[in-house]
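Working notes, beginning with the structure itself.
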Amino acid sequence: MIERRQFLKTIGISGSAALLEQCAPTPTDELIPYLVAPDNVVPGVASYYATTCRQCPAGCGAIVKTMNGRITKAEGNPAHPISRGRLCVRGQAAVQSVYNPDRFRTPIVRDAHGVFQPISWADAESLLAAKLRAAMQGGADRVAWIGELLTGALDTLTSAWLSALDSRRRLFYETFDYEPLVEAGDIAFGRREVPRYELDRAAFIVSFGAEFLETWLSNVEFTNGYARARRQQLRDPEGTLLVVAPRLSLTGLNADAWIAPRPGSEALVALAMAHAIVGDGLAHPSAGADLRAIESAVAPYSPERVAGAIDVDAATIRRMARRFASARPSLAIGGGVTGSDPHAVQLELACLLLNVLAGNVGESISYGAAHAVDRLATRREILETTRAMASGAVDVLLVHHANPIFTLPPPVGFADALARVPFVVSFAGAPDETTDRAHLVLPDHHFLESWGDYAPRAGVASLLQPAAAPLFDTRATGDVLIEVANQITADTARAVGSTRWADYVRSAWSEPTTANDQAAAAAGWEAALHSGGRFEAADAVRPTLRDVARALVIDPDAPAAADTYTFIACPSTHFYDGRGANESWLQEVPDPIAKISWGDWIEIHPDAARRLGIVDGDVVRVTSSHGQIEAAAHLYAGMRPDVIAMPLGYGRSRSSRHAGARGSNAALLLPPEAAGSPHAVWRASGVRVERAGPRRIVIMLQAHVASREDTSAPLGKIVDPARTDVREPPEHAPVDLFPPHEHPAHRWGMAIDLNSCTGCNACVAACYAENNVAVVGEQFCAQGREMSWIRIERHAHAIVSESGLRRPATVFLPMLCQHCDEAPCEAVCPVYATYHNPEGLNAQVYARCIGTRFCSNNCPYKVRRFNWARIGWDAPLGEQLNPDVTVRSAGVMEKCTFCIQRIQAAKRTAKLDGRSLRDGDVVPACAQTCPAEAIVFGDLHDPQSRVSRLSADPRGYHVLEELNTRPAITYLRRSVPGAPADER
Amino acid sequence: MLVPSAVAAILFARWAFGAHPYAPPQPIDFSHRVHVADDKLDCELCHSGARRSPVAGIAPLERCIGCHKYVLTPHPEVAKLRRMWEAGKPIWWTRVYTLPQFVRFDHASHLLAKVGCETCHGDVASMDRITRVVEPTMGACVRCHRERRAPDDCLTCHY
């Protein structure tokens, strides 16, 4: 007889004892080899394809990594002159957009009830052919094409195609165009084109609002060039960037000096600077011939005379003019997208004059680059086509990777005009506001699945090749056009030919003239595929200045009405013009300036907010003469109090799961064109603001931007340029309680140069892509449970401003696991899931972690992220996951691993090559993509490695050094003119 | 009372599971003994990834057909193979040596270190049907790593 309790104990122990022995493995895996193995594909090893990013017109070359036929990561192509081996935040998010669940899976057509139904390609193409045939029979120009900027093969094809249909209506429409700049080039030099800017050659840049570090023209290339120049100019007492704008964009926040003129008077600032240069005899000798002409053109605009209109004192203008003229070479960049209104053309013209005066033309700015964006449709051409559509002159409209319903302000009337077109076709790959109104959708492949080419400027012929087979039943637009043309008439068939699109591209790229050249042509094609295109140096042109006096007459603006504001609709660093709003990474990663996720906001200056009785988060209503919107207020000191601003990309259609019904569209407030000139404008003046409701929850992942007023000094440190070679002694001598760690082989470390980091978030998106970081969504973000392993903190230092000249003094600090030598987290893990590995990494073993979260509690940097729930990936987003990185489940802690998978892969490659690891073999995802080259990784045990040399730099420091954590990451102080000497 | 029960349970488990090593039936009754011991084919002819990849891989069907288009065609298993090739169906082999998902094993490093395939996979050349004769336990891995001075740092395999 045994007692019940004893019985249960016995059974329990015996049962578990049985389980202690090895159980029979339950087979859950199958091994499925290929039927026929593709060439050069080794299972378990990635394949790489060179292609071109088409997220914006910059045309960055990319190398796309694929595993098992799935696209997992995109990197910049090191051989490419535009991207130089780097990609921006939008380029990194491209791999997510391939697997976006909202993508169209088949062609669709509207049925009699107006509902989209799937249709076969054969039926869709014959339907389109029939409509086009009917349109052709109605006369000329009855078919219209509005699409993204094209060059090369697709440009040639669509041109031939439309001519065969007897139509000249083809618009290359980009949301952000360069009309004022092109116009100014025409006036100044007789060259109707966008100039080539070479920022790495500029010792000092004056930007009148151009957002060249985020979205304008070619932000990866410009960030890279700017950072390079900035590294050369560390000790310059005036810094390297002056921004003259009523609002600081991300580019503006990076500036060393900021002049905030009255909105609309930016051109006067430029002219006043030109006047000062001429008047004070500071002009470059090369400007000699033009000096007299320029002098008379800028004569009315002395700094003293315009001081009142621009709200900036003359002494500041003269000082900046002196700095600009003395830097050799310097560079004046104009207004960018949000530019100036009115007088946008005059602003660009004045900037060109400044460049002439400083001798920059032919140095940091030149002509003859034949940018693709020179061929963009003007707002006038868009309005004309809109009118034609509205009048019923267009029977078939084809929309190709453009979304004018959303991006054109409503007063343009595009939506109504579209409604008058009987048959609207879209080639979009995913739903948008224009496909919501289309009759037929023929989804194009994603650009990462496409053949094609794109030449952003002369000398850069960039190729697109598929990195993976098309995921869905989509078809290359080129193939659709060819097929449809072959169905309409014999003439259209003849005009277009009948090759497949892939062959069409290939033959455009390899044109042998004789039989002997066939081999060379084939070799040329293979070489182009391998390197991502053909790149050669292009000739620069140094044009001569014309008489510009007449164009520079600026009538004084009427003063703004009391209690009104100027509203600026800004391009979004993440969404661009809104196109990226449906990518969850771009929604979750906080905006670089406002640090807000998953929602929109309206920026209001704290003084204005006080006057209006608004606190941060209150709902405000903004009314212009064209529309009205409401959004939560976000107080931002980086602008004039009479300015309010809002990013574009919110208020999108419900057909997108993440972007839909989220926030308000800033474009609703905008006028159809600039006052007095026929180009696009992204500002509205005379706007009224009022409080409309109580606070909304705004998901801010960094609520406080530290300033001197706080008791704690900002973590992102600054140093005066004159002291960049002085090492600050540490506050305390280091103390060791334990014997130091031994690192027998390598010791991995990182150096982050805060002087280069622009805060663009490219590294954050790259980390999401590389490390299978989960997107947690709004609710968890609001609770502070976002999973990003690296975050960019924005730290502002309040520097007492000299009269008229402010210093943004902002430091963007990438914060990630510091891999501390004396890690507070390692000491408190009860199960040894985190420990210090012999190579200096703070290791996190997911399988051991039991989720006590003591480590995160102890981490002073708060870089440890806990999986509060099992986050899934909506199909097919899971295809993008990197198989080299464990996908974490609920209950485990995760954090930056210094891309341990890349360290292991580099070791394997080195072993297979029979050599030891070299500096540069291991590049974590963040370091690889940073356009500013701010992050450097390597072996601290190698005295010749870049990271060792940078870690020894006098500007180097450790964040929270006083806690004695001994991080493996050394930050280099940002050089900021005016930084106080005792800044710690 | 407790200890004898535990001992009995352990002995029972060892008998139940130890005596019959895992040798699942495969879609095609491929014999390593014939191909390796008799025909002297190298492991890497079919498991070609072993030298350059974390994954050793299994020969694509194309490789099998390379010989078996002509060799031993009357054999029922070869006929099965050819039918699958004609139908364009890849073979779904049942996995015998499996590691849990939280373990990352790199074949290439081990081949470079001259670890023979038999060390972890047993005497495959003698097996008609692949049998799991060596249990890939963490203890076995760590023991060998320590003996041969390979890294026994957790991050080597768990990341």
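The values are calculated or read from the model by the stated rules, or taken from the named source; none is laboratory data. In this text, all values refer to a predicted model and were calculated from it rather than measured experimentally. Positions of Cβ are generated from backbone atoms using ideal geometry, with glycine treated the same way; all protein chains shown enter the neighbour counts.
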Query raised in the report: Can you find even one residue in the stretch B:2-15 that is surrounded by fewer than 12 Cβ atoms within 10 Å (Cβ to Cβ) and not in a helix (DSSP H, G or I)?
Result: no
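Can you name every one of the strands (runs of 3 or more DSSP E) wholly within the stretch A:508-620 that holds 2 or more residues which are more than 23 Å from the chain's Cα centre (by Cα)? Walk me through it before giving the result.
Numbers: elements: A:533-535, A:565-570, A:602-604.
Where strands (runs of 3 or more DSSP E) fall fully within the stretch A:508-620 and carry at least 2 residues being more than 23 Å from the chain's Cα centre (by Cα), they are A:533-535, A:565-570.
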Requested in this report: Could you list all residues from the stretch A:165-202 that are small (Gly, Ala, Ser) and either outside any loop (DSSP other than H, G, I, E, B) or under 24 Å from the mean Cα position of the chain (by Cα) (or both)?
Outcome: A:Ala184, A:Gly185, A:Ala188, A:Ala202
Query - Residues that are more than 14 Å from chain B (Cβ to nearest Cβ), part of a loop (DSSP other than H, G, I, E, B) and surrounded by fewer than 23 Cβ atoms within 10 Å (Cβ to Cβ), drawn from the stretch A:44-54 - result: none
Query raised in the report: Somewhere in the stretch A:442-451, is a residue in contact with a helix residue (DSSP H, G or I) (Cβ under 9 Å, 6 or more places away or on another chain) and surrounded by fewer than 20 Cβ atoms within 10 Å (Cβ to Cβ)?
Result: no
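Scan B:Arg104, B:Arg82, B:Arg63 and give me the residue that is within 26 Å of A:Asn68 (Cα to Cα) and not in a helix (DSSP H, G or I).
None of the other options fit; the residue is B:Arg104.
Which residue is surrounded by the fewest Cβ atoms within 10 Å (Cβ to Cβ), if the candidates are limited to the stretch B:82-97 and must be in contact with a helix residue (DSSP H, G or I) (Cβ under 8 Å, 6 or more places away or on another chain) and within 11 Å of chain A (Cβ to nearest Cβ)? Walk me through how you get there before you give the answer.
Taking the stretch B:82-97 first, the residues in contact with a helix residue (DSSP H, G or I) (Cβ under 8 Å, 6 or more places away or on another chain) are B:82, B:84-85, B:90-91, B:97.
Within this subset, residues satisfying the condition of being within 11 Å of chain A (Cβ to nearest Cβ) are B:84-85, B:90-91, B:97.
Numbers: B:Met84: 18, B:Trp85: 19, B:Pro90: 15, B:Ile91: 22, B:Tyr97: 18.
Of everything passing the filter in the stretch B:82-97, B:Pro90 is surrounded by the fewest Cβ atoms within 10 Å (Cβ to Cβ).
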Report task. May I ask you to list pairs of residues, at least six apart or on different chains, whose Cβ atoms are under 6 Å apart, with the first in the stretch A:202-231 being farther than 21 Å from A:Ala321 by Cβ and the second being of a type in the set (Lys, Arg)? Result -> A:Val220/A:Arg86; A:Asn224/A:Arg84
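State whether one or more residues within the stretch A:628-644 are part of a loop (DSSP other than H, G, I, E, B) and closer than 29 Å to A:Asp436 by Cα.
Let us first name the residues in the stretch A:628-644 that are part of a loop (DSSP other than H, G, I, E, B), namely A:636-638, A:640-642.
Pick out the ones that are also closer than 29 Å to A:Asp436 by Cα and you get none.
No, the stretch A:628-644 contains no residue that is part of a loop (DSSP other than H, G, I, E, B) and closer than 29 Å to A:Asp436 by Cα.
Considering A:Pro838, A:Pro814, which residue is within 14 Å of another protein chain (Cβ to nearest Cβ) and either touching a residue at least 24 places away in the same chain (Cβ under 8 Å) or within 28 Å of A:Ala934 (Cα to Cα) (or both)?
On the way: A:Pro814 fails: within 14 Å of another protein chain (Cβ to nearest Cβ).
Checking each option against the conditions leaves just A:Pro838.
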Query raised in the report: Any chance the stretch B:122-132 includes a residue that's at the interface with another protein chain (Cβ under 8 Å from one of its Cβ atoms) and at negative phi?
Result: yes
Query raised in the report: When both residues are 6+ apart or on different chains and their Cβ atoms are under 6 Å apart, which pairs have a first residue that lies in the stretch A:129-145 and is in a strand (DSSP E or B), and a second that is basic (Lys, Arg) and buried (at least 20 other Cβ atoms within 10 Å of the Cβ)?
Result: A:Ala144/A:Arg169; A:Trp145/A:Arg170
Report task. Consider only pairs whose beta carbons are under 9 Å apart and that are at least six residues apart or on different chains; among these, list those whose first residue lies in the stretch B:66-95 and is closer than 20 Å to A:Leu31 by Cβ and whose second residue is among the aromatic types (Phe, Trp, Tyr) and in a helix (DSSP H, G or I). Result -> B:His68/B:Trp85
Query raised in the report: Which pairs have Cβ atoms under 7 Å, sit 6 or more apart or on different chains, and link a residue in the stretch A:703-725 that is at pLDDT below 65 to one that is surrounded by fewer than 18 Cβ atoms within 10 Å (Cβ to Cβ) and in a loop (DSSP other than H, G, I, E, B)?
Result: A:Ala706/A:Ser712; A:Ser707/A:Ala798; A:Arg708/A:Ala798; A:Glu709/A:Ala798
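One line per residue, one yes/no per condition, for (1) under 30 Å from A:Val959 (Cβ atoms); (2) not aliphatic (A, V, I, L, M):
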residue: A:Gly638; (1), (2): yes, yes
residue: A:Pro641; (1), (2): no, yes
residue: A:Ser677; (1), (2): no, yes
residue: A:Ser685; (1), (2): no, yes
residue: A:Ala703; (1), (2): yes, no
residue: A:Ile718; (1), (2): yes, no
Requested in this report: Please verify whether the stretch A:711-726 includes one or more residues that are touching a Leu at 6+ places or on another chain (Cβ under 8 Å) and within 30 Å of A:Phe406 (Cβ to Cβ).
Outcome: no
**Report entry** Single match in A:Val95, A:Val41 (criterion: of a type in the set (A, V, I, L, M) and surrounded by fewer than 19 Cβ atoms within 10 Å (Cβ to Cβ))
**Finding:** A:Val41
Query raised in the report: Here is a list of conditions, (1) touching a strand residue (DSSP E or B) at 6+ places or on another chain (Cβ under 9 Å); (2) in a loop (DSSP other than H, G, I, E, B), and A:Thr474 meets all of them except one; can you say which number that is?
Result: (1)
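Given the structure, is B:Asp152 surrounded by fewer than 19 Cβ atoms within 10 Å (Cβ to Cβ) and either away from every other protein chain (no Cβ under 14 Å) or under 18 Å from the mean Cα position of the chain (by Cα) (or both)? Outline the logic, then answer.
Values: surrounded by fewer than 19 Cβ atoms within 10 Å (Cβ to Cβ): yes; either away from every other protein chain (no Cβ under 14 Å) or under 18 Å from the mean Cα position of the chain (by Cα) (or both): no.
No.
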Query raised in the report: What is the one condition in (1) within 14 Å of chain B (Cβ to nearest Cβ); (2) under 25 Å from the mean Cα position of the chain (by Cα); (3) under 30 Å from A:Leu715 (Cβ atoms) that A:Cys849 does not satisfy?
Result: (2)
Query - Residues satisfying the stated conditions in the stretch B:115-154, i.e. in contact with a His (Cβ under 6 Å, 6 or more places away or on another chain) and not in a loop (DSSP other than H, G, I, E, B) - result: B:Val124
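What residue, among those in the stretch B:101-120 that are of a type in the set (A, V, I, L, M, F, W, C) and at the interface with another protein chain (Cβ under 7 Å from one of its Cβ atoms), is surrounded by the fewest Cβ atoms within 10 Å (Cβ to Cβ)?
Kept after step one, since they are of a type in the set (A, V, I, L, M, F, W, C), are these residues of the stretch B:101-120: B:102-103, B:105, B:108, B:111-113, B:115, B:117, B:120.
Next, only the ones that are at the interface with another protein chain (Cβ under 7 Å from one of its Cβ atoms) stay: B:102, B:108, B:112.
Details: B:Phe102: 13, B:Ala108: 22, B:Leu112: 15.
The qualifying residue surrounded by the fewest Cβ atoms within 10 Å (Cβ to Cβ) is B:Phe102.
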Query raised in the report: Looking at A:Arg420, A:Arg437, A:Arg500, which is the one that is touching a strand residue (DSSP E or B) at 6+ places or on another chain (Cβ under 9 Å), of a type in the set (Lys, Arg) and farther than 22 Å from A:Arg90 by Cβ?
Result: A:Arg437
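Results for (1) touching an Asp or Glu at 6+ places or on another chain (Cβ under 9 Å); (2) within 8 Å of another protein chain (Cβ to nearest Cβ); (3) β-branched (Val, Ile, Thr), shown as yes or no for each residue.
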{"position": "B:Ser53", "(1), (2), (3)": "yes, yes, no"}
{"position": "B:Cys64", "(1), (2), (3)": "no, no, no"}
{"position": "B:Lys80", "(1), (2), (3)": "yes, no, no"}
{"position": "B:Leu99", "(1), (2), (3)": "no, no, no"}
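Within the stretch A:868-883, how many residues are within 14 Å of another protein chain (Cβ to nearest Cβ) and either within 25 Å of the chain's Cα centre (by Cα) or under 14 Å from A:Tyr846 (Cβ atoms) (or both)? Steps first, answer last, please.
Here is the first cut: in the stretch A:868-883, the ones within 14 Å of another protein chain (Cβ to nearest Cβ) are A:881-883.
So of that shortlist, the ones also either within 25 Å of the chain's Cα centre (by Cα) or under 14 Å from A:Tyr846 (Cβ atoms) (or both) come out as A:881-882.
Residues in the stretch A:868-883 being within 14 Å of another protein chain (Cβ to nearest Cβ) and either within 25 Å of the chain's Cα centre (by Cα) or under 14 Å from A:Tyr846 (Cβ atoms) (or both): 2 in total.
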Query raised in the report: Taking the stretch A:110-128, which residues are surrounded by fewer than 19 Cβ atoms within 10 Å (Cβ to Cβ), in a helix (DSSP H, G or I) and of a type in the set (A, V, I, L, M)?
Result: A:Ala122
